[in-house]
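**Q** I have a structure here, written as structure tokens, and I will follow up with some questions on it.
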Amino acid sequence: MSELRYVRPARVRPLPEGAVPVVRLKEVTKRFGKVVANNAITLDIHSGRIKALLGENGAGKSTLMSMLAGRYKPDSGTMEVDGRPVRFESSKDAIAAGIGMVYQNFMLVDSMTVAENVLLGQEGGFFINPGEMEARVDALATEYGLAVDVSARISDLSMGERQLVEILKLLYRKSRILIFDEPTAVLTPEETNRLFEALWRMTEQGKSVIFISHKLEEVIALADEIAILRRGRIEGELDPTAIESKAELASRMVGKEVLLEVDRQPVEVGEPVLEIKGMTGLGLTDVNLEVRQGEIVAVVGVAGNGQKELVEAVTGLVKPPVDTVFIMGQPWRKFFAESTWNRSMCYIPEDRLGLATMRNQNLVDNLLLTTRKGFARGMWLDKRRAERDTEELIRKYDIRPGRIHALAWQLSGGNLQKAVLARELYRQPRFIVAEQPTQGLDVSATEEVWRRLLDARAMAGVLLVTGDLGEALQLADRIAVMYRGRILGMLPTSEAETASRIGPLMAGVLD
Amino acid sequence: MALKIRKRDEPWKWGALVIFLGALLFSLGVSCLLLAGQGKDALHGMFILWEGSFGNLWALEGALLKAIPLFLCSLGVAVAFRMQIWNIGAEGQFALGAIGATWMALSFPGLPWYGLMPLMFAMAFLLGGAWAFIPAVLKLKLRVNEIISTLMLNYIAILLLDYLVFGVWKDPTSFGFPMTPEFTSGAVIAGIGSSRVHWGLLFCAVVGVGLWAFMRFTRLGFELKASGEGARVARYAKIRYGLLTMFVMGLSGGFAGWAGCIETSAVLNRLQPSLMVGYGYTAIVVAWLARLEPLNIAFGAFLLAALRVGVENLQLELQIPAAFGVIMEGMILLTVLAGQFFLTYRIERAPREGGE
Ligand SMILES: Nc1ncnc2c1ncn2[C@@H]1O[C@H](COP(=O)(O)OP(=O)(O)OP(=O)(O)O)[C@@H](O)[C@H]1O
Ligand SMILES: [Mg+2]
């Protein structure tokens, strides 16, 4: 695959001499208890430019942006907009000052149309007739070149389109500074391209964009300037045109050499750990799939083409039709009736906070969630040992903050994922179902997850469900492409043309 | 000066206690207004309330006595609430417990206490638990909402109790009053020393500590806590949610059943309709106020029991309606619940326009 998938418009935009920043952060500090999430951060945002924020998981990017968007208040330091100091009491104040943020989980009303969502909560918005409403929103969308049907219902839209609606909401509220926290994590490459074009167009109209992402090639392609955050401090600011390679950027970010490649040595293939035979039902049609110990099989496709149903049936969340799913050689029913806590199947779900962990419990209890049988002594639970093992896992996987009593929701996205992975591998699985395992993870954490999944092949087979084709090509032995509940193709990654064949199959085109 | 509402970045450490005391003061304040509205001397009323609940040994004993059934019912309710199963049927399960204990007491009148008591407690637990088991099965098999079914079963339980004391178990020598014969001495829980407080208090302490240890140190207790996060997480963690639901409801009903057993045996010494004074409903208030923690439940049960005793005193001395106590109870719960708002939000002064 090429290094840069996104084509940057051919223009260099140096910062004009003596330009005055629209937003200026000075010595901003934010603590959560003992954790210093942001330590004396000074940062300038200029109009008409895209600033990328780069940093490891838990570096403090989201915290910094939440302060700018009025969700948190700085402990010390000042924020200036147009040269005047501001103190935001809520996100309303921030929006009034022209600062808007697109959060990762969209805040839209599913049963309403795009136009209604955009005008929701606006003064006078209630009394405007639908035609007028749609005309206004449509005008706005055309102005910024956002291709979205303003009369469509949200529930009918793809993730990428929903994101455009969130952007429209901010534009309608006259936001001049738009913040995006990992906007591309849920998008297909196609949609990402479209988002980037929209962002460029917005900067041409004088808007400022702050963009957080862990995908380096995106950052290099998109940004006018890059600020690197490490452990709550600004590590430095870079000019993207002066960056030689992804690896260079990555090592600046992490502070040590990063390879960005994993070396996949073939492993001897053993017994099948998953067999799906002619499964029809639950929205799937005639699905056949086999995963053997020692191999990684990736399932790719545009979100919503049956991947979720497949995973739910395999992992026991819903019941598949009889005699279609066999795990470790046993029929589904028998397997789940008799499965043990270790040396069996484990599932690393995409929904980390809602499904894989208990949000209001600490890391010890969250370790126990799926391993409790291993800590049971008769009817009792050996909490001491669980605490010791949690501490060990925190050290081994470098989970921050390193306190066993931190609650799940307090962890940054990347660290929570490491915690889930640590727990599931602790069970010495024979079959691993990993769903978007590196979504939201920084480069070194991604590399580590990849390495651990490859290592796990020594005793396990892996079913990898991912939206990241690069990941699938890096890790998998075979790639299954799903389209409308069917597996349209099963491609071995050993063949050179596989990479180019995936795209058409994802769109349902059979040569 | 403008005030603004802001979300807290971190939870408020002493918030729960401050809110509780604040809500209590607020409720007492409103009660004063209510008294004043009736043309009574409000401050004098508050003094009588205090006198009646904590002012003397007799009052304290009364409060402890009422706290015992309240504590057990509330503990049961809290176990179910922990799992987000809304058992509001403690009242009915309490009645079934009383019926179970009475059944044993009337069937084996000759047994000494060490033979009869275990039978009574076991049967009370069994019947109370079985009464709660019905809604659990209905919920799992037919998806019947447990709030409705537990509530409805309360009425059936009370009617059942009435049927027994008006009919088959009626004491022939009671001059037509609906009550069973008095229990034999083996079926009566004795007082501690010469006080009115009985050994049921010790039983409560044992059960409370036992439940705390169960929730904290056992695997089942952990699974219970995890299931409180929702059926999907339970499914992910391979917790047998259905089985656990039945277990928890059985336990919950059993605790209420024990409360019924103790109250019948120690306080009334017989079964009669006046047993049912709404402990099962107040228990829900206590459980919520205590945020489902056993130790807090002990305090909460004592506090609301004292309030009951105090209001009874107030009623006698100032001739105010009996509803007054219920109003106060409801008000405390409402203000505490409303006060939870301040755990996640704070009110602060907004800076004046134009910045500083
Ligand atoms: N509400 C909170 N309470 C306590 N600690 C918090 C809270 N929010 C964030 N933290 C801690 O502050 C640090 C910075 O977190 P933040 O979410 O800003 O990181 P991030 O750079 O956005 O990471 P990621 O790339 O994983 O999203 C982390 O150590 C995190 O655990
Ligand atoms: Mg973040």
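**Q** Counting only other chains, and only Cβ atoms inside 10 Å, what mean value do you get across the residues of A:311-318?
**A** Across A:311-318, the average partner-chain Cβ count within 10 Å equals 1.
**Q** Cα atoms only: what Rg and Dmax, in Å, come out for the range B:1-133?
**A** Spelled out, the Cα radius of gyration and Dmax of the range B:1-133 are 22.2, 76 Å.
**Q** I want to verify the translational diffusion coefficient of the range B:69-291 in µm²/s; compute it with Stokes-Einstein, Rh as the Kirkwood radius over Cα pairs, at 20 °C and 1.002 mPa s.
**A** Diffusion coefficient, whole number: 121 µm²/s.
**Q** Expressed as a whole number of Å, what is the distance separating the alpha-carbon centroids of the range B:104-134 and the range A:315-364?
**A** 42
**Q** A follow-up question, please. Normalised by the number of residues in chain A, what is the relative contact order in percent for Cα pairs under 8 Å and 6+ residues apart?
**A** For chain A, the relative contact order is 16 percent.
**Q** What 222 nm value per residue comes from the helices of the protein assembly as shown, counting each DSSP H run with n ≥ 4 as -39,500 (n - 2.57) and dividing by all residues, nearest 500 deg cm²/dmol?
**A** Only helices count here, giving -15000 deg cm²/dmol.
**Q** Could you give the size of the charge dipole of the protein assembly as shown about its Cα centre, using +1 on the Cβ of each K and R and -1 on the Cβ of each D and E, expressed in debye and rounded to the nearest 20?
**A** The dipole magnitude comes to about 1780 debye.
**Q** Among A:Val150, A:Ser90, A:Ile179, pick out the residue whose Cα is farthest towards the positive end of the charge dipole of the range A:66-197, where Lys and Arg carry +1 and Asp and Glu carry -1 on C-beta, about the Cα centre.
**A** A:Ser90
**Q** Suppose accessible area is computed on protein heavy atoms with a 1.4 Å probe; arrange B:Ser185, B:Ser74 from highest to lowest.
**A** Final ranking, largest accessible area leading: B:Ser185, B:Ser74.
**Q** Scaled to the compact-protein estimate 2.2 N^0.38 Å, what is the alpha-carbon radius of gyration of the range B:269-352, rounded to two decimal places?
**A** Its radius of gyration relative to the 2.2 N^0.38 Å reference: 1.43.
**Q** Right, another one. Which residues of the range A:373-402 end up with at least 30 Å² less accessible area in the presence of all protein chains than when their chain stands alone, using a 1.4 Å probe?
**A** Correct list: A:Lys373, A:Met379, A:Trp380, A:Leu381, A:Lys383.
**Q** Same structure again: Have a look at the DSSP beta bridges in the range A:272-506 and tell me what percent are antiparallel, nearest 5.
**A** Here the share of antiparallel DSSP bridges comes out near 55 percent.
**Q** Taking all protein chains in place and a 1.4 Å probe, what share, in percent, of the accessible surface of the range A:111-174 do carbon and sulfur account for?
**A** 53
**Q** How much of the DSSP beta bridge set in chain A is antiparallel, as a percent to the nearest 5?
**A** 55
**Q** For A:Arg486, list long-range residues whose amide hydrogen, built 1.01 Å from N in the peptide plane, is under 5 Å from its own amide hydrogen.
**A** A:Thr285
**Q** Hey, could you grab the Kirkwood Rh for the protein assembly as shown? Inverse mean 1/r over distinct alpha carbon pairs, Å, one decimal.
**A** 31.3
**Q** Here is a further query. Comparing the chain by itself with all protein chains present, which residues of the range B:231-246 are at least 20 Å² less accessible (probe 1.4 Å)?
**A** Residues losing area: B:Arg232, B:Val233, B:Arg235, B:Tyr236, B:Ala237, B:Lys238.
**Q** May I pose another question? Determine how large the accessible area of B:Val168 is when every protein chain is in place; take a 1.4 Å probe and give Å² rounded to the nearest 10.
**A** Its accessible surface works out to 100 Å², give or take rounding.
**Q** Which lysines, if any, have their Cα less than 29 Å from the Cα of B:Lys141, not counting same-chain residues under 8 positions apart?
**A** Partners within reach: A:Lys308, A:Lys319, A:Lys334, A:Lys373, B:Lys225, B:Lys238.
**Q** Oh, and also: Need the C-alpha centroid separation for the range A:77-150 versus the range B:158-216, integer Å.
**A** 64
**Q** Same structure again: May I ask for the angle, rounded to the nearest 10°, between helix B:241-262 and the longest principal axis of chain B, with both axes built from Cα atoms and the value confined to 0 to 90°?
**A** Rounded to the nearest ten degrees, it is 70.
**Q** List the lysines whose Cα lies under 19 Å from the Cα of A:Lys169, skipping any in the same chain that are fewer than 8 positions away.
**A** Counting by Cα, and skipping residues close in sequence, A:Lys169 has these lysines nearby: A:Lys92, A:Lys207.
**Q** Just counting partner chain Cβ atoms within 10 Å, what average do the residues of peptide B:219-229 show around their Cβ?
**A** If you average over the peptide's residues, the count of other-chain Cβ atoms is 5.
**Q** Right, here's the next one. Considering the dipole of the protein assembly as shown built from charges on the beta carbon (Lys and Arg +1, Asp and Glu -1) around the Cα centre, which of B:Phe71, A:Pro492, A:Pro14 is farthest to its positive end?
**A** B:Phe71
**Q** Moving on to the next point. Looking at the range B:133-176, which chymotrypsin sites (Phe, Trp or Tyr not before Pro) are in a loop (DSSP not H, G, I, E or B) and have at most 14 other Cβ atoms within 10 Å?
**A** B:Phe175
**Q** Relative to the Cα centre, what is the charge dipole magnitude of chain A, using +1 at the beta carbon of each Lys and Arg, -1 at the beta carbon of each Asp and Glu, and rounding to the nearest 20 debye?
**A** 1920
**Q** Based on alpha-carbon positions alone, could you give the equivalent ellipsoid semi-axes of the range A:111-174 from the gyration tensor, as √(5λ), descending, whole Å?
**A** 16, 13, 11
**Q** Give me the percent of accessible area attributable to carbon and sulfur for chain B, probe 1.4 angstrom.
**A** Within chain B, the accessible surface is 69 percent carbon and sulfur.
**Q** Give me the three principal axis extents of the range A:272-506 from the C-alpha atoms, as integers in angstrom, largest value leading.
**A** 51, 40, 30
**Q** Which of A:Trp380, A:Leu317, A:Gln361 sits closest to the plus end of the dipole of chain A, meaning its Cα is farthest towards the positive end, when Lys and Arg get +1 and Asp and Glu get -1 on the C-beta?
**A** Of A:Trp380, A:Leu317, A:Gln361, it is A:Trp380.
**Q** So which chymotrypsin sites (Phe, Trp or Tyr not before Pro) in the range A:283-336 are both in a DSSP loop and have at most 16 other Cβ atoms within 10 Å of their Cβ?
**A** none
**Q** Oh, and also: Identify the GluC sites (Glu not before Pro) of the range A:460-511 meeting these criteria: DSSP loop state and at most 12 other C-beta atoms within 10 Å of the C-beta.
**A** Answer by residue number: A:Glu495, A:Glu497.
**Q** Now, a different point. Name the most mobile residue of B:Phe222, B:Phe81, B:Phe20, meaning the one with the largest mean-square fluctuation, in a Gaussian network model of chain B with Cα contacts below 10 Å.
**A** B:Phe222
**Q** Follow-up question, since we're still on this one. Show B:Met246, B:Met117 ordered by accessible area, largest first, where the area counts protein heavy atoms only and the probe is 1.4 Å.
**A** B:Met246, B:Met117
**Q** Let me ask something else. Nearest 20 debye, what's the magnitude of the dipole of the range B:69-291 about its Cα centre given +1 on Lys and Arg Cβ and -1 on Asp and Glu Cβ?
**A** 980
**Q** A follow-up question, please. Can you say what percent of the DSSP beta bridges in the protein assembly as shown, counting only those with both residues inside, are antiparallel? Round to 5.
**A** 60
**Q** How large is ³J(HN,Hα) for each residue in the range B:141-153, as worked out from phi by the Karplus curve 6.51 cos²θ - 1.76 cosθ + 1.60 (θ = phi - 60°), to whole Hz, x for Gly and Pro?
**A** 8, 10, 6, 7, 4, 6, 4, 5, 5, 5, 5, 4, 5
**Q** Let me see the pair-distance distribution of chain A: every alpha carbon pair, 10 Å bin width, integer percents in order.
**A** Cα pair-distance distribution for chain A, in percent: 4, 17, 27, 27, 18, 7, 1, 0.
**Q** Considering protein heavy atoms only and a 1.4 Å probe radius, which residues within the range A:342-361 exhibit an accessible-area decrease of no less than 30 Å² in the full assembly relative to the chain by itself?
**A** Those residues are A:Leu355, A:Met358, A:Gln361.
The values are calculated or read from the model by the stated rules, or taken from the named source; none is laboratory data. Keep in mind the model is a prediction, meaning the values are calculated, not measured. Cβ atoms come from the backbone with ideal geometry, glycine included; neighbour counts cover every protein chain shown. Remember, those area values only see protein heavy atoms, side chains included, never the ligands or the DNA or RNA. Shrake-Rupley method; radii C 1.70, N 1.55, O 1.52, S 1.80 Å.
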